[in-house]
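The next block holds one structure in the form of structure tokens; read it before the comments.
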Amino acid sequence: MTARIEWHRVTTEWQQRRQERQSRKQEQSRREKRERQRQKRQEQRKEEEGRRSSGTGPGPWLRAGVVVLALAAMVAFGVVLARLTLQPSPASEMLTHANLRPGDSIRAYLGQPAFRDTVKQLGGNILLGVPFGLLLPLVSPRSRGFVKVALLTVATMLLVELVQGALITGRAFDIDDVLLNTTGALLGYALLGRRLGRAVYPRRRQGGSSPAGSGSTG
């Protein structure tokens, strides 16, 4: 009887030790698994931070494709712009007059009795400038920034207005059209062009941080 009790005790202790070893192995396995997952997450975070800090952006072929498409869109926009602004309008020759005072034409647009005509005049000139804000940052990284977009748009539209006033029948120079076109370009840049430019031409960073005193605000 005593031998049977002793054997039972030994067996019970052995089973307990076996269970404890299995529990320790399982706990160690869980710890190792958690550690591997933690290391994997750290590596992923480091890779993501590395991509952001390096500013690599799209590959050279993709960037070149984007630039080509932007140039093609700019050419198409130029054709549309020429058709809209440089098309002679003999019927309007007696009604048109040059405007060199900012705000005069805008007040005239706002004073029209038909709200639809007001929206057409103001909205049309603003929309005409939006492609500048969208396409210029894609064509060249040097054209990024609100000031640069505004200056390039003003220069282009001033040229168009001068040609209109000097050479096109039924067209006249209007400084307010330049202002409205520039407003549209800045809206397009603020809403989408700025992000597109940063995606295609990300800024290079040194030592994981932006270089101090960067000249571009865009």
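The values are calculated or read from the model by the stated rules, or taken from the named source; none is laboratory data. None of the values given here were measured: they were computed from a predicted structure. So basically every Cβ, Gly included, is an ideal-geometry build from the backbone, and we count neighbours across all protein chains shown. Protein only, heavy atoms only, side chains kept; ligands, DNA and RNA dropped before computing areas. Shrake-Rupley method; radii C 1.70, N 1.55, O 1.52, S 1.80 Å.
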Inset, instruction - Take the alpha carbon atoms of segment 69-133, find their radius of gyration, then divide it by 2.2 N^0.38 Å using N residues; give the quotient. - result: 1.34
Legend entry - J(HN,Hα) series, segment 30-44, from Karplus relation 6.51 cos²θ - 1.76 cosθ + 1.60, nearest Hz, glycine and proline x: 5, 5, 5, 5, 4, 5, 5, 5, 5, 5, 5, 5, 4, 5, 5
Inset, instruction - Could you go through segment 97-109 in sequence order and give the Karplus-derived ³J(HN,Hα) for each residue, using 6.51 cos²θ - 1.76 cosθ + 1.60 with θ = phi - 60°, rounded to whole Hz, and x for Gly and Pro? - result: 8, 5, 10, 10, 9, x, x, 5, 5, 5, 5, 5, 4
Legend entry - Nearest-10 value in Å² for the accessible area of Glu27, using the 1.4 Å probe: 60
Inset, instruction - Along Cα→Cβ, 7 Å out, is where each label goes; now give me the distance between the ones at Ser23 and Ala155 in nm to one decimal. - result: 7.9
Legend entry - Phi-based couplings in Hz for segment 118-133 (Karplus 6.51, -1.76, 1.60; Gly and Pro marked x): 4, 4, 5, 6, 5, x, x, 5, 5, 4, 5, x, 4, x, 4, x
Inset, instruction - Relative to the compact-globule scaling 2.2 N^0.38 Å, provide the ratio for the alpha-carbon radius of gyration of segment 94-173. - result: 1.28
